[in-house]
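Okay, structure first, notes after.
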Amino acid sequence: MKQFPDAIEEKVNAGIRLSAEEGLYLLENPDFTLVGRLANTLRERLHGDVTYFNRNLHLNATNVCVAG
């Protein structure tokens, strides 16, 4: 019998959607190397050798200096 992470990786490699139970496993047992590898596999399948980055800057103006 395959280990749960191996079965998840096989499903991602085969293009099969993960179940809620598998997603919960990844959430509760964070293996960043595995999750990164799975994410990269999916990114390459969808976008080839192109990577997108999103950079955000959030300015939250307050009156903390005045209130202090």
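Between helix 32-47 and the chain, what is the angle of the helix's C-alpha long axis to the longest principal axis, kept within 0 to 90° and rounded to the nearest 10? Helix 32-47 sits roughly 80 degrees off the main axis of the chain.
Using 0.36 nm per residue and subtracting the Cα-Cα separation, the extra length available between Gln3 and Arg55 on full extension is 15.1 nm.
Build a GNM of the chain with springs between Cα atoms under 10 Å apart, and of Val35, Val50, Val12 the one that fluctuates most is Val50.
Here the chain is treated with +1 on each Lys and Arg Cβ and -1 on each Asp and Glu Cβ, and its dipole about the Cα centre works out to around 280 debye. Projected onto their three principal axes, the Cα atoms of the chain cover extents of 63, 30, 19 Å, largest first. Calculated on the alpha-carbon coordinates, the convex hull of the range 1-40 measures out at 69 cubic angstrom per residue.
Where a number appears in this text, it was derived from the coordinates with a stated rule and is not lab data. Keep in mind that this is a model prediction, so the values were computed, not measured. Backbone-built Cβ (ideal geometry, glycine too); neighbour counts: all protein chains shown.
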